[in-house]
Amino acid sequence: MFFFGKILVTNIFFFIFGKIFQKYFLNEKTSLHQSETAIFGAVFLSFLALLLNFFFPLDKILNSIVIILSLFFIHSSLITKKDLQFVLISSILTFIIIAYSNINTPDAGLYHLPYTQILNENKLIVGLSNLHSRFGHISIIQYLSAINYNLVTNVE
């Protein structure tokens, strides 16, 4: 149940950032489905992490401040009961998919996790791929992984 709680909290934050993106950056006439809202929220949070990483390392304290400050931008009128049902169902499906996954990903320890750790410990390092070529092929999803390291979910 503890792992499911982390998934639920993460999905709620993705959805909140999607609502923030929808309210402040999209046209008011634009209507998004709940799944699109969550995807836009994850992408918006990733680019926010990239922007923050130019100036600060994405450590646990900064990430927690970003996540907690997002709660002040959201109003209770923006999140409906239908939205909460969607978040709960998507969290259950995510939990089931992860629980029954048996895929071995040995490259995570070689590429993804070291780069995420660099993002958590340092500001953006220009020329990092000169240190090792594996750091030259990164994804915006790694910034999402780096900002997910916070006090709320405590995921490293």
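The values are calculated or read from the model by the stated rules, or taken from the named source; none is laboratory data. This one's a predicted model, so the numbers in the text were calculated from it and none came from an experiment. Because the Cβ atoms are built from the backbone with ideal geometry, glycine has one as well, and the counts that use them run over all protein chains shown. Surface areas here come from the heavy atoms of the whole protein model, side chains and all, with no ligands, DNA or RNA. Shrake-Rupley method; radii C 1.70, N 1.55, O 1.52, S 1.80 Å.
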Checked pairs for the stretch 20-33, first without any contact (Cβ under 8 Å) to a residue 60 or more places away in the chain, second aromatic (Phe, Trp, Tyr), C-beta under 7 Å and 6 or more apart or across chains, list as Ile20/Phe73; Phe21/Phe40; Phe21/Phe44; Gln22/Phe40; Leu32/Phe40
Matching residues in the stretch 56-103 (small (Gly, Ala, Ser), open to solvent by 50 Å² or more (accessible area, probe 1.4 Å) and part of a helix (DSSP H, G or I)) number 1
*Is it true that some residue in the stretch 37-55 is at pLDDT below 85 and either within 17 Å of the chain's Cα centre (by Cα) or open to solvent by less than 50 Å² (accessible area, probe 1.4 Å) (or both)?*
no
The lone condition Leu32 fails out of (1) under 16 Å from the mean Cα position of the chain (by Cα); (2) assigned to a loop (DSSP other than H, G, I, E, B); (3) surrounded by fewer than 18 Cβ atoms within 10 Å (Cβ to Cβ) is (1)
